[in-house]
Amino acid sequence: MSFEIHKVGVIGAGQMGNGIAQVCAQAGIDVLLFDISAERIQAGLATINGNLSRQVGRQAINEAQRKSALEHIVAASDYAAFSDCDLVIEAASENEAVKKKIFNGLGAHLKPQALMASNTSSISITRLASVTDRPERFIGIHFMNPVPKMQLVELIRGIATDDATFDVAKQFIGRLGKVVTMSEDFPAFIVNRILLPMINEAIYTLYEGVGSVDAIDTAMRLGANHPMGPLQLADFIGLDTCLSVMQVLHEGLADSKYRPCPLLVKYVEAGWLGRKTQRGFYDYRGETPVPTR
């Protein structure tokens, strides 16, 4: 299959989806951006415009490049708009039922040779592919957050993913100027299999009173040379996402070392999900973030 990606559909205009749309557009690829409401799509486009404007301010790109990138992104009103896309990437919330529902309804609107991909950070690519009409043309393309800044993309083959699909996906990531790492289809892949248990352990360290939020984050920033502390990072990722990845690991591998910390569960139940809700392990409602315990 000699096949190039000229047009990409992105489902989900949130943090990950708008980042994926942005990097595709900046690489000169046409993008259709879809979400469950027009307001969400507009919010996504506004975020992209803000990101590009900041790049102009830093002189990373010029005004002409900003305008050109924005011209490559168009809002899609439904799945039928994806009929001429070469690749559709799902970037909805980290919930298997939601993702399966999307993929179940998508295939009928795509051309036969189009590829489907999920940006899932933890869910089985084989299981997601199984509900589609093209498991051999299905692949995991896991971008890191924030997409425009992070260099790595994990490519994950399901049991049915064929070589041609993998090759096309790899070329596509290369065009975006990103680096590919290949992961087998096991719960949470490579990055989150290592990163999320570390974050969960940091939350246990807080839960058990070994150290305060500030002590834990300072220790890992200055003691392990991490760019940000694990609790600060958890707030950035979203505590609901952290919990769902830990649940996937715990259920998928049945090992007690992946048990989500009860304190993480409590924060999610309170709706304190981190930066996106203004409160998590830090309170972001004032001038500077303040630890919440």
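The values are calculated or read from the model by the stated rules, or taken from the named source; none is laboratory data. None of the values given here were measured: they were computed from a predicted structure. In this analysis, Cβ positions are derived from the backbone assuming ideal geometry, glycine residues included, and neighbour counts consider all displayed protein chains.
Per-structure values
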| item | result |
| --- | --- |
| Any hit, segment 120-134, residues being surrounded by 15 or more Cβ atoms within 10 Å (Cβ to Cβ), aliphatic (A, V, I, L, M) and within 30 Å of PHE281 (Cα to Cα) | yes |
| Restricting segment 130-159 to residues that are under 12 Å from the mean Cα position of the chain (by Cα) and of a type in the set (A, V, I, L, M), the residue that is nearest to CYS242 (Cα to Cα) | MET144 |
| Residues of segment 187-210 satisfying the condition of being outside any helix (DSSP H, G or I) and surrounded by 16 or more Cβ atoms within 10 Å (Cβ to Cβ) | PRO187, ALA188, PHE189, ILE190 |
| Qualifying residues in segment 125-155 (those that are in contact (Cβ under 8 Å) with a residue 40 or more places away in the chain and among the hydrophobic types (A, V, I, L, M, F, W, C)) - the one farthest from ARG54 (Cα to Cα) | ILE125 |
| Residue match in segment 34-47 (condition: of a type in the set (Ser, Thr, Tyr), assigned to a helix (DSSP H, G or I) and at pLDDT 95 or above) | yes |
| Failed item, numbered, when ILE20 is tested on (1) farther than 20 Å from ILE141 by Cβ; (2) of a type in the set (Val, Ile, Thr); (3) part of a helix (DSSP H, G or I) | (1) |
| In segment 242-284, residue surrounded by the fewest Cβ atoms within 10 Å (Cβ to Cβ) [restricted to those that are part of a helix (DSSP H, G or I) and in contact with a Phe, Trp or Tyr (Cβ under 7 Å, 6 or more places away or on another chain)] | PRO262 |
| The lone exception for THR218 - which of (1) assigned to a helix (DSSP H, G or I); (2) surrounded by 14 or more Cβ atoms within 10 Å (Cβ to Cβ); (3) touching a Gly at 6+ places or on another chain (Cβ under 9 Å) it fails | (2) |
